[in-house]
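Please read the structure below before turning to the comments.
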Amino acid sequence: MASSSSHRVPQQPGEVIDRSRTIQFTFNGRTYDAHPGDSIASALAAAGVQMISRSFKYHRPRGILCAAGQCPNCLVQIGDEPNVRSCQRQVEQGIAVRSQNAWPSLDFDLLSVTQLASRFMPVGFYYKTFIRPLSLWPFYEDQLRHAAGLGVVDPHSHPAEFDKQFLHADVAVVGGGPAGLGAARAAAERGARVMIFDENPVLGGHLRYSSSRASVPALPKGVEVFTGTTVVAWYTDHWLAAVRGQRFFKIRAKAVVTATGAYENPLVFDNNDLPGVMLGSAVQRLLRLHGVAPGRRALIITANDHGLQVAADLRAAGVEIVAVADEREGRTIQAAEGKRAVRGVVLKNLKTGAMESFECDLIVISVGWTPAAGLLHMAKAKPGMFAAGRVNGTHDRARTDTEGRLAGQAAAAHAGFGPAPAETLSQTDQTQHTSPRARVPGEGKRFVCFCEDVTDVDLETALAEGYDSIELLKRYSTISMGPCQGKMCHRNSIHICAEARGCAVQEIGRTTSRPPISPVSLGSFAGRLMEPVQVSGVHEWHRQHGGKMMVSGLWLRPEHYGDPVAEVKAVRERVGLIDVSTLGKIQFTGPGVPALLERLYVNQWRKLGVGRVRYALMCNEEGVVVDDGVCARLAEEEWYATTTSSGAAAVFEVIQWWMQSGWGKGVHATELTEAFAAFNLAGPQSRAVLGKLTDGDVSNEAFPYMHFRLMRVAGVDCRVWRIGFTGELSYEIHAPSGYGWHVWEALLDAGKEFGITPFGVEAQRVLRLEKAHIIVGQDTEAVSNAIAAGMEALVKFEKDDFLGKRALMRVAKDGPKQKLVGFQVTGNAIPEEGLQIVAGQNGSRKIIGWVTSSRFSPTLGHGIGLCWLPSEVAAQNGARFSIHCDGGPIEAEVFHGAFFDPEGKRLKS
Amino acid sequence: MLLLHCPNCGPRNAGEFRFGGEVNPRPANPTATSDADWAHYLYMRPNPLGVQKEWWFHRAGCGLWFLAERHTGNNQVLKTYLPTT
């Protein structure tokens, strides 16, 4: 049964609801009516529902407080979406809204008994109580999660699609109230590209509902309007972050006008959190925007004329005004009364202390304002940052208009549109009095922080315990750390802190303002789940032929095509083809190349003849191996090098850096990684296969091992290397990327009669391990130097200088402590990579090394690998050691040299 | 987000760049440098509060390293330019 809209008042000018239509939604299972344009909170208020949620710690009833999305009191769960601000979310037909923090139900919350025990749950309660015993923490945590939470995350919910968008503005105006509108107009009139952002569904700010309401002025054409958009952060150089629904905006502006207005201050008194205690601006929003009077008998607590205006507005809407307690006349509130909502109030005479009781169902608090200055505090005093309106402390309409115009002109000038305005304004003349009072002492509970149920007594306790700096007070009491980000409590906590310390409010300072200002769904930051991947030119071929793809850095590569052992055998016995397009490729041109290479790599280059290839090992200044590859001299001044697949981008950046730091004379370097597809044709039959596709002489005499030829393969000009990572006769063919697919298929066609088999990364890992070839980054780590890694023969100390020379000279002199060495297992077990090598018995056991590579060798029929061992152990061929493993130790022995074809006959055949 | 003026590409978000650290010239003759000086070159940085000369690489742009003079206290970039070597 739908409930009646008993709290609706007659139609208001400028209201946002469509009274001609009625929609339904449910709240805790009960059906309610709403009009399109209603927020969930306004629809509930219209139906007379005051209690919307239960509080975080004590499970106290809570209702609408600010009606502006600035407090935590009306957070609800909609379906699988937790922590929805019900005053900001419009009702949609059929939505199911539930209360948060209530168990088993909002009306009857068993956990509200926690407030009876609140005397035993003081500030710092969690820190003090649940520390010991540590072993019980998982139990405590589970109980606390149940008792204190903010909605429920459904791990099975379908993730929404979140997008990001970049915006570029000359002037970004944050806040669409009168000051912001004036600034946007003034900046646009100077020709600046202006964007204006406001979190409300329409522009106008308080012009739409406050005492000084007026028609909302139109903006000049060309101003880009972003309503329903909350600017949540300011970053360096006017880079703003804003959220609209599931879209995250990254805005780069030349100048920013902050016209974010002000938050109305709550007052701290007994039971100040009862549903029915509401800020004056909240009452005006409900009245003017939604046509709802949130009570029938109202009592106004005020310290300025704004409260009197609210009283007049309520009376005009037919609400009975029980009393107006004006602090300026010596009266304020002592306590709100009622169990689940306001039923009465006790007023206090500030001079005589006399108390007076009234019956009412609405208490309006209108005692002053705090500027919504979060963005300004983030930015601090930066050139190009301007403020106007209530955030400046200006409430006077005429002055607001002037401030807006001047801020807009100044921002436009900063962005390069016209001169800075000559006109200046005198110091702010505060027209809306803000009470210096933060609280009225009493005997009940007085909440400073509604998010986390922190009372003024909690703050006093924390201050007495010595947490008397505002930053410490925040961290210890959690004040201002809840979902409202301090909007409701920050000002009052500073005042209470000043009161306790007996100093001026200004001396307390404020806590650091950090992004985001308002709560943001994590999905907005994350964006869409998009992992960038790189694929080779024959990626589709791999997929169509059963390639099981694996991630390798940014690349997707085939791990195997179904049977890696068969792939190993095919390469050893016949011929295989692997896609190595992922290798980094760099072309060096110029007379200075040999000198550069001599410095970049540990090897010797000056004497490398044209058409020759050399293994290239790169270290850093600490002698640590950072990359390896091969490098060929194509012509006198043309060189072509490869790098590891994963290191390609970083290595090129490092090379560029050394070149631009003075080593680049007479050299031009070009990265060709994606310009060339690369395929390695490996196996005893590879020469026969290649021979079918080229007119070039591929005989061992004409094209020997470690040589390079430019050669036409399948009609395509290719760069062909005779190298052998796999230990077999092999040719690495680099074809221009656009011809990659053609060359790949031509090689496979030509190899058919020889039983050619495509092979993947897994087979290559086994093949190279059988030759004890290392993989940089797998067999070496961030501290593995070239000598320890067994590359001493490659390090040419006779060169004048090269990266790592000084460090490696030291290692060569002292001898490395650990060495990378091959091993073979003596039993049947294959140790996992990463396992520790241990020595000694029982109590004296210690780790002496670890396994970096390990595989079953199909060629040899037993397990082989590479490992790090103390140099003295590694030096003895056949030395036995044991690898620690859960299922019992695995025995292994040191093995020097390649496991397979140690003389390299097959490579050179 | 810091806005950096790449000498080739103009103003771009700092996210497009790789930071290369303070300018730290390599001793001309490493093998003749004392252990203390070499260790200083490898590991010690002045890390000043003030204007610092530093390297940036425009990874998502022109692919060149350039120099920036940036105030580490307020993140103001005073100038950017290509090295003249």
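Read-outs throughout are calculated quantities, based only on the coordinates presented, and are distinct from any laboratory measurement. Since the structure is predicted, the reported quantities are computational estimates derived from the model, not experimental observations. Quick reminder, even Gly has a Cβ in these numbers, built from the backbone with ideal geometry, and neighbours come from all protein chains shown.
Taking the Cβ-Cβ separation of A:H168 and A:Q246 as r and a Förster radius of 25 Å, what is the calculated FRET efficiency to the nearest 0.05?
On the way: r = 21 Å, r/R0 = 0.86.
Between A:H168 and A:Q246 the formula returns 0.70.
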task = Give, in nm to one decimal, the length gained when the segment between A:A649 and A:Q841 is fully stretched (0.36 nm per residue of separation minus the Cα-Cα distance).
result = 64.5 nm
ask   = Given R₀ = 35 Å, FRET efficiency for A:N828-A:Q778 by Cβ-Cβ distance, to 0.05?
value = 0.90
inquiry  = Compute the orientation-averaged projected area for chain B from the convex hull of its Cα atoms and round it to one decimal in nm².
reply    = 6.3 nm²
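Starting from the alpha-carbon convex hull of the stretch A:611-668, give the projected area averaged over all orientations, in nm².
Numbers: hull surface 17.6 nm².
So the Cα hull casts an average projection of 4.4 nm².
Determine Rg/Rh for chain A; Rg is computed over alpha-carbon atoms and Rh is the Kirkwood hydrodynamic estimate from the same atoms. If you can, show how the numbers build up before the last one.
Details: Rg = 37.5 Å, Rh = 33.5 Å.
Result for chain A is an Rg/Rh of 1.12.
Which percent of the Cα-Cα distances in the stretch A:331-421 go past 22 Å?
Numbers: 2257 of 4095 pairs.
Above the 22 Å cut-off, the stretch A:331-421 has 55 percent of its Cα pairs.
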message = Based on alpha-carbon atoms only, what is the radius of gyration of the stretch A:432-476 relative to the globular estimate 2.2 N^0.38 Å?
response = 1.28
Viscosity 0.890 mPa s, temperature 25 °C, Stokes-Einstein D of the stretch A:227-342 from Kirkwood C-alpha radius, µm²/s = 144 µm²/s
remark   = Here the equivalent ellipsoid of the stretch A:5-87, derived from its Cα gyration tensor, has semi-axes (largest first, whole Å) of 23, 14, 12
task = Quick one: give the max-minus-min coordinate of the C-alpha atoms of the stretch A:699-803 along each principal axis, largest first, in Å.
result = 45, 32, 29
key: Distance (nanometres) between label positions extended 7 Å along Cα→Cβ at A:E872 and A:V153   = 5.3 nm
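Taking 1 over the mean of 1/r across every pair of different Cα atoms in the stretch A:457-614, what Kirkwood radius in Å do you get? Could the numbers behind the result be given before it?
Numbers: mean 1/r = 0.0428 Å⁻¹.
Taking the inverse mean of 1/r over all distinct Cα pairs, the stretch A:457-614 comes out at 23.4 Å.
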ask   = So which aspartates and glutamates can A:K474 reach, going by Cα to Cα under 18 Å and dropping same-chain residues fewer than 8 places off?
value = A:E452, A:D453, A:D456, A:D458, A:E460, A:E465, A:E499, A:E507
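So, R0 is 35 Å and r is the distance between the beta-carbons of A:M530 and A:A96; what FRET efficiency does that work out to, to 0.05? Show your work: numbers first, answer last.
Details: r = 32 Å, r/R0 = 0.90.
Calculated value: 0.65.
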key: Over the stretch A:171-237: Rg over Rh, Cα atoms, Kirkwood Rh   = 0.98
remark   = Other residues with Cβ under 13 Å from the Cβ of A:Q824 give, with Lys and Arg +1 and Asp and Glu -1, a net charge of -1
message = Suppose we take every Cα in the stretch A:816-866 and form the convex hull; what volume per residue is that in Å³?
response = 90 Å³
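Pulled fully out, how much extra length does the chain show between A:L350 and A:D695, if you take 0.36 nm times their separation in residues and subtract their Cα-Cα distance? Spell out each step's value before the answer.
Working: separation 345, 0.36 × 345 = 124.20 nm, distance 10.64 nm.
Here the segment from A:L350 to A:D695 would lengthen by 113.6 nm.
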ask   = Dividing the Cα radius of gyration by the Kirkwood radius, what Rg/Rh value follows for the stretch A:626-704?
value = 1.06
query = Restricting the count to DSSP beta bridges whose residues both fall in chain A, what percent are antiparallel, rounded to a multiple of 5?
reply = 75 percent
ask   = Roughly what would the spin-label model give for A:E443 and A:R514, points 7 Å off Cα along C-beta, in nm?
value = 4.1 nm
task = Would you kindly work out the equivalent ellipsoid of the stretch A:346-488 from its C-alpha gyration tensor and give its semi-axes, the square roots of five times the eigenvalues, largest first in whole Å?
result = 38, 23, 12
